[in-house]
Amino acid sequence: MKQNGLHRRAVLATVTGIFATFLFAHAGLGQDRNDRNDDDEHDRARQALQDGLILPLADILAMVKDRLGGEIIGVKLESEDGRYVYEFKVLQLSGRVREIYVNAMNGEILKVEDD
């Protein structure tokens, strides 16, 4: 029962942080450079998808969601070692956050790290 309360507090803290970040970014309080970086990342991801270098995030999630071991609280698309990788931040029931790296072309889980 105590663990369930800790999980709820961790989820609430995470959601609050994400919501605050969203508010600052969309209230004009975020830095213009960060907005440009976000736009660049979206453009890069869209181009990689159009070029057939990655699968859509929805397809990757369908392949790996049940194997991630928790609630997804963040996703990034990165280029590592010449290939695209989805980096999932996953909140586990224990309250720990893990980073799980997944090949964006085939859904293979490449590595798991504690954050």
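The values are calculated or read from the model by the stated rules, or taken from the named source; none is laboratory data. Just so it is clear, the structure is predicted and the values come from calculations on it, not from any experiment. So basically every Cβ, Gly included, is an ideal-geometry build from the backbone, and we count neighbours across all protein chains shown.
Report those helices (runs of 4 or more DSSP H) wholly inside segment 1-90 carrying at least 2 residues which are closer than 18 Å to Asn103 by Cβ, modelled with pLDDT of 50 or more and in contact with a Cys (Cβ under 9 Å, 6 or more places away or on another chain).
none
Take the conditions surrounded by 13 or more Cβ atoms within 10 Å (Cβ to Cβ) and part of a strand (DSSP E or B) and apply them to Lys111. Does it pass?
Here the answer is no, as Lys111 does not meet what is asked.
Which one is surrounded by the fewest Cβ atoms within 10 Å (Cβ to Cβ) among residues in segment 46-94 that are among the acidic types (Asp, Glu) and under 13 Å from Ile109 (Cα atoms)?
Asp66
Hey, Val97 hits all of (1) crowded, with 16+ Cβ neighbours inside 10 Å; (2) touching a helix residue (DSSP H, G or I) at 6+ places or on another chain (Cβ under 7 Å) but one; which does it fall short on?
(2)
Out of segment 56-90, which residues are over 12 Å from the mean Cα position of the chain (by Cα) and acidic (Asp, Glu)?
Answer for segment 56-90, where residues must be over 12 Å from the mean Cα position of the chain (by Cα) and acidic (Asp, Glu): Asp59, Asp66, Glu80, Asp81.
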